[in-house]
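Student: One structure follows; several queries about it will come next.
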Amino acid sequence: MATSHARAFAAQSASTPLAPYGIHRRAPGPVDVEIDILYCGVCHSDLHQARNEWHNTVYPCVPGHEIVGRVTRVGTGVTRFKPGDIGAVGCMVDSCRTCSSCRAGFEQYCLSFPTFTYNGEDKHLGGPTFGGYSTGIVVDEAFVLRVPAGLDLAATAPLLCAGITTYSPLRHWKVGPGQKVGIVGLGGLGHMAVKFARAFGAHVVLFTTSAGKVADGLRLGAHEVVVSREPEAMKKHVGSFDFILDAVSAQHDINVYLGMLKLDGTLTLVGAPEQPLPVAAFNLLLPRRQFAGSAIGGIAETQEMLDFCAQHRIVSDIEIIPMQKINEAWDRLLRQDVRYRFVIDMASLKG
Ligand code: NAP
Ligand code: ZN
Ligand code: ZN
């Protein structure tokens, strides 16, 4: 099969830093879109995956699933994109398209597992799929999103994962006016969740471990910010929430947040820490609380989210870095020192 070369950064094992690596991309087939990557957001999942924290990583691992770029070539059957257009790719590049989940627009819950943008199974070239920490990518048009005019391209990249992963559960659980909604963790996902929950009309309370993020939390749209290390401040909110979204990347006590829910309230986990989170039974039983999870969002819903963002002028707060600074950025991510998403300027890899 004809291929082209792309420059990338890859992890060769769980314990090696990301380093330059050459990869091949397939020549666009009839329904494929070839994208010259301009920007790629840095998700905490990239780090979990590259360091094998979910125990399923195939090496070499080229992370990156918050991709915005310019279309360079399209297959003969492609109808929605032409060379020169802007296209975006999130966490998935394919799915079976025939199962009940796919037909319902929930490709992320495909019964045969979606093909993830990285660490998936490359059905065309074999081996693992390689993500957006690279100069180019080729994706079936059905999994390429349109970026509405007027959005800043670099600040749009994080919407492709952090955006949809928080938009989808807030919509599914019908967060809106009259509700008290909690967001736990002000990182990449958390800061998007605060913006969306506010835009949907809820009363938004942010929980953060970082006293230094209080002012930002308010600026981003929270009505109240609680530093979760302060027991007195936490106590005031026990039993009062309709809905809480937990976007924390590491071990923490989930029972504290279950205890914040009122009758029939729901705590939805989007964070994916390495270790299981113990749940105390009585925190669910009394008073009839629900503990749920949610993964990214479907393709149609991702487009809906991008259109919503354009209408409401919502993008991510970003710090742009060159590809060569990625290992430093990951260290900062682990220190909770990101305001609030790193985005790689892929020009740094082209030169
Ligand atoms: P991030 O930018 O690193 O943000 C995580 C935040 O969690 C931190 O900023 C911090 O917020 C809080 N935190 C970190 N360590 C903590 C600890 N030990 N105790 C309490 N709070 C802590 O990460 P992200 O990219 O937003 O991703 C968050 C999680 O979601 C990751 O596990 C990622 O893999 C997962 N994820 C899931 C999906 C999905 O489909 N469900 C999609 C994308 C990402 P404060 O400083 O405010 O406390
Ligand atoms: Zn992600
Ligand atoms: Zn399917």
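The values are calculated or read from the model by the stated rules, or taken from the named source; none is laboratory data. Quick caveat, the model's predicted, so the values are computed rather than measured. Reconstructed Cβ throughout: ideal geometry from the backbone, glycine too, with neighbour counts over all protein chains shown. The area values use the complete protein model at the heavy-atom level, side chains included, leaving out ligands, DNA and RNA. Shrake-Rupley method; radii C 1.70, N 1.55, O 1.52, S 1.80 Å.
Conditions (1) within 16 Å of ligand 3 (Cβ to nearest atom); (2) touching a His at 6+ places or on another chain (Cβ under 7 Å); (3) farther than 30 Å from Thr115 by Cα, marked per residue:
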{"site": "Ala149", "(1), (2), (3)": "no, no, no"}
{"site": "Cys161", "(1), (2), (3)": "no, yes, no"}
{"site": "Ser168", "(1), (2), (3)": "no, no, no"}
{"site": "Val194", "(1), (2), (3)": "no, no, no"}
{"site": "Gly201", "(1), (2), (3)": "no, no, yes"}
{"site": "Lys213", "(1), (2), (3)": "no, no, yes"}
{"site": "Glu224", "(1), (2), (3)": "no, no, yes"}
{"site": "Ala233", "(1), (2), (3)": "no, no, yes"}
{"site": "Phe243", "(1), (2), (3)": "no, no, yes"}
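Student: Sticking with this one: Specify the residue that is least open to solvent (accessible area, probe 1.4 Å); the eligible residues are those in the stretch 302-351 that are charged (D, E, K, R) and under 20 Å from Gly271 (Cβ atoms). Talk me through it step by step, then tell me what you get.
Tutor: Step one: filter the stretch 302-351 for residues charged (D, E, K, R), giving 304, 307, 313, 317, 319, 325, 328, 331-332, 335, 337, 339, 341, 345, 350.
If we keep only those that are under 20 Å from Gly271 (Cβ atoms) too, we end up with 317, 331-332, 335, 337, 339, 341.
Details: Asp317: 35, Asp331: 74, Arg332: 54, Arg335: 155, Asp337: 52, Arg339: 95, Arg341: 10 Å².
Only one residue fits best here, namely Arg341.
Student: Anything in the stretch 312-351 that is polar (S, T, N, Q) and over 21 Å from Gly69 (Cα atoms)? List them, or say none.
Tutor: Narrowing the stretch 312-351 to residues polar (S, T, N, Q): 316, 324, 327, 336, 348.
Listed by number, the residues that qualify are Asn327, Gln336.
Student: Taking the options Leu263, Leu258, Leu267, Leu245, name whichever one is closer than 21 Å to His172 by Cα and within 16 Å of ligand 2 (Cβ to nearest atom). Walk me through it before giving the result.
Tutor: Values: Leu263 fails: within 16 Å of ligand 2 (Cβ to nearest atom); Leu258 fails: within 16 Å of ligand 2 (Cβ to nearest atom); Leu267 fails: within 16 Å of ligand 2 (Cβ to nearest atom).
Criteria check complete, one pass: Leu245.
Student: If you don't mind, there's one more thing I want to ask. Out of Glu121, Glu141, Glu107, Glu66, report the one residue that is among the acidic types (Asp, Glu) and under 21 Å from Arg7 (Cβ atoms).
Tutor: Values: Glu121 fails: under 21 Å from Arg7 (Cβ atoms); Glu141 fails: under 21 Å from Arg7 (Cβ atoms); Glu107 fails: under 21 Å from Arg7 (Cβ atoms).
Going through Glu121, Glu141, Glu107, Glu66 in turn, the sole match is Glu66.
Student: OK, next. Are any residues in the stretch 311-331 assigned to a helix (DSSP H, G or I) and either more than 18 Å from the chain's Cα centre (by Cα) or β-branched (Val, Ile, Thr) (or both), and if so, which ones? Lay out the reasoning, then the answer.
Tutor: Keep residues of the stretch 311-331 that are assigned to a helix (DSSP H, G or I), which gives 311-312, 323-331.
Hits for the stretch 311-331 are Gln311, His312, Met323, Gln324, Lys325, Ile326, Asn327, Glu328, Asp331.
Student: Now for a separate question. Regarding Tyr21, is this residue away from ligand 3 (no atom under 16 Å from the Cβ), more than 17 Å from Thr115 (Cβ to Cβ) and either among the acidic types (Asp, Glu) or surrounded by fewer than 24 Cβ atoms within 10 Å (Cβ to Cβ) (or both)?
Tutor: yes
Student: Here's a follow-up. Within the stretch 1-38, track down each residue that is out of contact with any Leu (no Cβ under 6 Å at 6 or more places or on another chain) and among the aromatic types (Phe, Trp, Tyr).
Tutor: Residue satisfying the conditions is Tyr21 alone.
Student: Select from the stretch 42-66 the residues that are open to solvent by less than 10 Å² (accessible area, probe 1.4 Å), of a type in the set (A, V, I, L, M) and more than 14 Å from ligand 1 (Cβ to nearest atom) and list them in ascending order.
Tutor: Passing the criteria: only Val62.
Student: Let me ask something else. Go through (1) under 16 Å from Cys161 (Cβ atoms); (2) within 16 Å of ligand 3 (Cβ to nearest atom) and name the single condition Ala300 misses.
Tutor: (1)
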